[in-house]
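The values are calculated or read from the model by the stated rules, or taken from the named source; none is laboratory data. Because the structure is a prediction, the values reported are computed rather than measured. We place every Cβ from the backbone using ideal geometry, glycine too, and count neighbours over all the protein chains shown. All accessible areas refer to the heavy atoms of the entire protein, side chains included, with ligands and DNA or RNA removed. Shrake-Rupley method; radii C 1.70, N 1.55, O 1.52, S 1.80 Å.
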Amino acid sequence: CAVKAAQVLSEIAKNEEMKKPCIEADLVLTLIPLLESTDQEMLLHAGRAIGRICYDNRDLQEELVKVGVITSLVRILTDYAESEPLVHVDLLALCNLADLDTAKEALSKTKVAEQLVKQLRRAENHERLEMVFEVLQALAENDALKAQLVEAGVQEVLSEILLRLQGSSQAEDTCIVKAASDLIVSLLLGGKYMQKVFLLRHVASSPRMLVLAPHPNTYRYRDRRNGYGNCVRMVQLGVIHQLLDLLEKHVESGDVSVQHAALSALRNLAIPVVNKVQVLEEGVAERIQALLRSEMPPVQFKLLGTLRMLADGQADAAEILGQDSMLLNRLVQWCSANDHTGIHGEANRLLASILRHNRSQEVVKAIQEAQGVKHLVSMTTSEHAAMQNEALNALAIASAIDLETLEESFKESQLVQTLHKLLQDDNTSPEVKYNSMGLLCSLLNSGDLRQEIEEDKIKETLEQLCSHSNANVVKEAVTTLQVLRGET
């Protein structure tokens with residue numbers, strides 16, 4: 001009865017409300033051993049059930065990787081490469097897991113690159129190509145997997161695809177060309193070994209591929225100035241507005257692939273510094289407001305990344321975005337979207353980026369009014385040190401600009417107590433401890449917050465940190481103690 005039971009579960013798990021009961025019944029751990037079966041029907045139904053139950057649940061996905069599901073998935077992809085239904089389910093599973101660092105690490109110890117290149121070569125429709133590209137793009141973030149993909153000959157297959165679709169005006173073909181070009185860029189941006197292997201084996205014999213890839217960094221292997229110059233000229237010629245026309249046309253229809261591709265291109269064009277401000281001065285921020293209505297998570301995620309690219313290092317851009325009340329309200333809404341961890345994280349990072357690159361009191365007040373401060377305080381406790389540091393730096397800069405405006409929010413969100421916990425925790429990275437003390441120094445300029453710092457006995461923790469193993473932490477602890485004592 002196991003095959004039929006797995007089939008019933010795969011149907012039940014289609015219903016969002018039934019996922020929680022399935023999880024509570026430990027059905028995922030019960031289903032995993034079935035992936036070792038040699039019965040294709042069993043593999044199909046068990047794979048569908050696991051995928052549906054674990055979809056968009058990061059904790060469960062991490063658990064899957066921990067118990068060895070990656071090995072099973074690669075085995076299925078290898079043993080049943082000709083089975084369309086099984087390959088489809090397998091690729092869906094890899095799409096969901098490939099963003100996890102633990103999954104990438106596990107995949108780097110398998111021959112998944114070789115199997116994915118085979119599937120890319122035999123893919124006959126756009127849907128299958130898009131699925132394989134999505135997995136490959138995620139894996140290309142890992143240096144070991146990048147090397148394996150090149151060794152497996154992914155560049156030859158990409159060239160065949162680009163040459164086959166060259167000149168096509170079909171929207172689906174355009175999306176595939178964009179995905180292939182983006183993957184080429186990811187491969188080119190690897191280490192020196194990767195660049196050498198990729199260029200020697202392929203780019204030198206197919207220079208047109210460099211022209212097809214719309215990422216400015218692609219051109220640096222020929223002429224960095226030409227690459228950035230091309231991006232600048234494209235913006236001057238109005239390509240940005242053509243992309244936005246395309247986005248607005250499809251925002252209502254829900255064509256996610258087109259929106260995703262257009263936003264990717266927009267993000268890449270926003271990399272050159274000279275383009276960032278021009279893009280915003282031309283009213284792109286206002287036009288993007290139409291996209292804020294989108295309920296498609298992939299579009300929301302890419303939109304947030306695009307806006308963060310625009311704000312990166314640009315005070316003018318951060319000021320424009322930071323005074324857009326509609327954007328800030330939507331951002332704060334997404335900061336609470338715990339059911340979509342990617343969007344939740346990217347929204348917090350954009351909010352922090354706006355504050356970090358801004359120099360305006362108006363922006364600080366706008367973010368305070370939108371109730372975004374509490375989310376940045378919460379971000380300081382993220383499991384990712386990079387996000388913690390972004391939040392700490394953003395709050396430090398905002399405090400230096402207008403501490404009086406933020407004082408009440410800091411007290412309500414218990415910022416002082418949060419910083420104290422970070423300093424006490426042995427698992428907190430040295431850089432986070434360093435930045436936490438930098439923020440504390442800013443807070444000491446407020447009488448009420450100074451009182452909280454003294455009442456929370458942070459002084460004792462700082463004294464302990466004076467003997468920390470990291471020299472920078474020690475130096476900052478000494479400085480913070482001096483400020484606390486009024487010595488400097």
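Efficiency by 1/(1 + (r/R0)^6): what FRET value for HIS340 and HIS384, r their Cβ-Cβ distance, R0 = 22 Å, to the nearest 0.05?
0.85
State in Å² the accessible area per residue of the range 1-109; use a 1.4 Å probe, count heavy atoms of protein chains only, and round to the nearest integer.
51
For the range 1-112, which whole-number percentage of the solvent-accessible area (1.4 Å probe, protein heavy atoms only) is attributable to carbon and sulfur atoms?
That share works out to 54 percent.
Nothing charged except the Cβ atoms of Lys and Arg (+1) and of Asp and Glu (-1): what's the magnitude of the dipole of the range 108-152 about its Cα centre? Round to the nearest 20 debye.
Dipole size: approximately 240 debye.
Using a 7 Å offset from the Cα along the Cα-to-Cβ direction at both ASN427 and VAL483, what is the distance between the two label points in nm, to one decimal?
2.8
So for SER294, SER429, what's the accessible-area order with a 1.4 Å probe, most first?
Listed by decreasing accessible area, they come as SER429, SER294.
Run the 1.4 Å probe and let me know the accessible area of ARG293, rounded to the nearest 10 Å².
120
For a quick check of your reading of the filter: which GluC sites (Glu not before Pro) in the range 310-390 sit in a DSSP loop and have no more than 15 other Cβ atoms within 10 Å?
On the way: sites: GLU319, GLU346, GLU362, GLU369, GLU383, GLU390; in loops: GLU383.
For GluC sites (Glu not before Pro) across the range 310-390 that sit outside H, G, I, E and B with at most 15 neighbouring Cβ atoms in 10 Å, the list reads GLU383.
Exceeding 18 Å between C-alpha atoms, which entries from my cross-link table qualify? They are LYS104/LYS433; LYS104/LYS146; LYS111/LYS146; LYS374/LYS411; LYS104/LYS302; LYS411/LYS457. The partial results should precede the final answer.
On the way: LYS104/LYS433 29 Å; LYS104/LYS146 11 Å; LYS111/LYS146 12 Å; LYS374/LYS411 10 Å; LYS104/LYS302 21 Å; LYS411/LYS457 16 Å.
Too far apart for the 18 Å limit: LYS104/LYS433; LYS104/LYS302.
For ASP312, tell me the accessible area in Å² from a 1.4 Å probe, rounded to the nearest 10.
Approximately 80 Å² for this residue.
With +1 on each Lys and Arg Cβ and -1 on each Asp and Glu Cβ, how big is the dipole of the range 1-109 about its Cα centre, in debye rounded to the nearest 20?
Dipole of the range 1-109, to the nearest 20 debye: 60 debye.
Taking 0.36 nm per residue of separation and subtracting the Cα-Cα distance, what length does fully extending VAL3 through GLU454 add?
Between VAL3 and GLU454, full extension yields 156.0 nm more.
HN-Hα J couplings of the range 465-482 from phi, Karplus 6.51/-1.76/1.60, θ = phi - 60°, integer Hz, Gly and Pro as x?
Per-residue couplings from phi come out as 5, 5, 10, 5, 6, 9, 5, 5, 5, 4, 4, 6, 5, 4, 4, 5, 5, 4 Hz.
Hey, rough spin-label estimate for GLU156 and LYS111, points 7 angstrom out along Cα→Cβ, what's it come to in nanometres?
1.6
What is the magnitude of the charge dipole of the range 345-391 about its Cα centre, with +1 placed on the Cβ of each Lys and Arg, -1 on the Cβ of each Asp and Glu, and no other charges, expressed in debye to the nearest 20?
140
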